[in-house]
Amino acid sequence: MRPETAARVRRTSLCRQAASRSTPLTAPRIIPCMANRAYLRFWTRDFSSETMIAQFVRFLATTPLSESRNSFDQLTVQAVDATETPVAEWDFREGTFGAPEVAAIAAQHINEDTAYMVEAQWDLWTFDSETLKWKRGAHPLELICRGPLYDARAGDADGNFSADLGFEHLFTGHAGLLAPGAASNPFDSSDHPVEKTFRQWMSVEANRREYAAKTRENIQKLFQWIESVERALPIERNELSSEGEENFEARLDAILGQR
């Protein structure tokens, strides 16, 4: 199962979690709950059932956890593929569980056809279209370690390790505003009233500069995390992608280079 498909299966629960931890989404909003999502994937050298837990703990240790909740929230052990009932689930929200503790529990279920899914939170900037203000807060983050034979060797295509980063617009901005030349959805492509209001507000240079600066902070945090993973693991390659951008990584590079 492709990560985009698996993400859609799990998205309802993720949206419910987000709603329970933050202000509910109310209209008008530029991006609804079913917005496009972004993904990060890693493939490592010498990945096997013998090495995956050791690599998994190092992967988890790099996670930039939220300042408000410096702990992982949940571990799900999934055998065969995402259509099967999970082997086991642990809810960590009442305690504090770091990378060693989570990996130690995962190690009780080492199998080549098993995946380990960890839920956490990390801090990102978000723009509220109602208040027209920015807020830095916790957002859901899902991390996956796929055994070599899990889901008919899905890790070959989807990564030995991957992360559902959350909504794409947290890194690209809304409505193709930032680096429109590299955007799959240019800034002037929508006639929706909320989009028009947003464009009008962003026509003020100071607002536009702040919007770009906050979005770049999110991108920089993501890129710093990637660098941490590359230092921690024998990375063979990595990949950034999203559901709405043809070349997500190129778009992020273009936004970082924009002044």
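Each value in this text was obtained by applying a stated rule to the coordinates, not by laboratory testing. What you see is a predicted model; the values in this text were computed from it and never measured.
Relative to 2.2 N^0.38 Å, what does the C-alpha radius of gyration of the stretch 40-111 come to as a ratio? Two decimals please.
This ratio for the stretch 40-111 stands at 1.16.
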Run down the lysines and flag those whose C-alpha is under 24 Å from the C-alpha of Lys196, throwing out any fewer than 8 positions away in its chain.
Lys133, Lys135, Lys214
What is the Cα coordinate range of the stretch 118-165 on the first, second and third principal axes, sorted by size from largest, in whole angstrom?
48, 16, 11
If all Cα-Cα distances of the stretch 31-183 are sorted into 10 Å bins from 0 onward, what percent lands in each bin, rounded to whole numbers?
10, 37, 31, 17, 5, 0
Radius ratio Rg over Rh of the stretch 203-254, counting only Cα atoms, Kirkwood formula for Rh:
1.09
